[in-house]
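**Q** Quick one: the structure is below, and I'll ask about it shortly.
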Amino acid sequence: MKKVAFMFPGQGSQTVGMGKEIHDAYESVQNLYTKANEVLGKDLRSLMFEGPSEKLTETENAQPALLLSSIALQNLLEQEGIQSSMVVGHSLGEYSALVAAKAMTLEEALPLVSTRGRLMEQAFPKGQGTMAAVLGLSVETIQEVVDSITEEIVDVANINCPGQIVISGSVAGIEEASNKLKEKGAKRVIPLNVSGPFHSRLMEVANNDFATYLNQVNIKNAEIPVYANVTANPVNDQNEIKELLLKQLYSPVRFEESIRNMMQTDVEAFVEVGTGKVLSGLVKKIDRKATIFTVQDQASLNDFITWYRGEA
């Protein structure tokens, strides 16, 4: 059995038509989507397959959509006898990772991430908070700049890979930080098309409400290590999982560090399970020699299964 790590994408990877080919090919996946519609009380399947894109992109729709498409594929891999040795998710993707690790069920996770999305949208007045990707500077330099801004709130939000860090905060704060970062030699500072200042202190107000919902979920100990966004370390304990999910809302996503820590375990391949190739691209920038697969349609599913079984 090969030692593989599954990675689950976060918000921004959603696209109209996501998962349709796999859905149409497998009755078990169709049943999963039917169950998701029932649990959420809305037609998520139609939204994923037909759009409109603006509606799918809304946080409370994008989050369950990405979770559903990832877990549908992960279930197919499981049916093929393929087990991940460890998992990691990027922001929202951490919930897919926890479902894959059997710490919560899909039925529990779907309404939870939908609620999480709604609370994140509501946490800060629309249009007043944003995020930006900073290319070509170290996290230390970016942190110095962010710390120098005192009138507005700006935080480091995602530490993705060398030379790609995301900052988050008020619109005015991000503007001020962007100007200072360009002066420090940033190659580019790219505004992101997001609906709020996620993974910044401005999200702390969503925490109490989210804790109420999270406490209603019967989180169990994870069956395999889940590398947490907040610590970049493996976690299995149900109480620690819950505590870290709350902190995750307003803490930076330490993705690069998580991947580096996973690499220390002699993992043989990183497998992005779900829509898009964002995380695969980040891993390539962290270590060009890493073996990487994306599993998002029939062809990529077959490719990975062939490699895993040594049939290539």
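Here, each number is a calculation from the coordinates, and none is a lab measurement. Note that the coordinates shown come from a computational prediction; the quantities given were computed from them, not determined experimentally. Here Cβ is always computed from backbone atoms with ideal geometry, including for glycine, and neighbour counts include all displayed protein chains.
**Q** Compute the signed sum of charges (Lys and Arg +1, Asp and Glu -1) over the other residues within less than 9 Å, Cβ to Cβ, of G196.
**A** 0
**Q** Report, ordered by chain and residue number, the aspartates and glutamates lying within cross-link reach of K2, taken as a straight Cα distance under 20 Å and ignoring same-chain residues fewer than 8 apart.
**A** E78, E80, E223, D266, E268, E272, D287, D303, E311
**Q** Can you compute the label reach from T291? Point 7 Å from Cα along the Cβ direction, backbone N cut-off under 20 Å, restricted to the range 230-269.
**A** 259-269
**Q** Could I ask something else about it? Starting from the 7 Å offset along Cα-to-Cβ, what nm value, one decimal, do you get for the label separation of D303 and E38?
**A** Rounded to a tenth, the inter-label distance reads 3.6 nm.
**Q** Moving on to the next point. Tell me the GluC sites (Glu not before Pro) within the range 139-214 that lie in a loop according to DSSP and have at most 15 other beta-carbon atoms within 10 Å.
**A** E151, E152
**Q** Set the Förster radius R0 to 41 Å, insert the Cβ-Cβ distance between K184 and N236 as r into 1/(1 + (r/R0)^6), and round the FRET efficiency to 0.05.
**A** Efficiency, from the Cβ-Cβ distance: 0.55.
**Q** A follow-up question, please. If r is the Cβ-Cβ distance from D147 to E204 and R0 is 22 Å, what FRET efficiency results, to the nearest 0.05?
**A** Working from the Cβ atoms, E equals 0.75.
**Q** For the chain, what's the relative contact order in percent, using C-alpha pairs closer than 8 Å and at least 6 residues apart?
**A** 23 percent
**Q** Count the DSSP beta bridges whose two residues both fall in the chain, then state the antiparallel fraction as a percent rounded to the nearest 5.
**A** Looking only at bridges with both residues in the chain, the antiparallel portion is about 55 percent.
**Q** Where the centroid of each part is defined by its Cα atoms, how far is the range 121-170 from the range 239-302 in Å?
**A** After rounding, the separation between the Cα centres reads 21 Å.
**Q** A further question follows. Of M263, M48, M131, which is the most mobile in a GNM of the chain whose springs link Cα atoms less than 10 angstrom apart?
**A** M263
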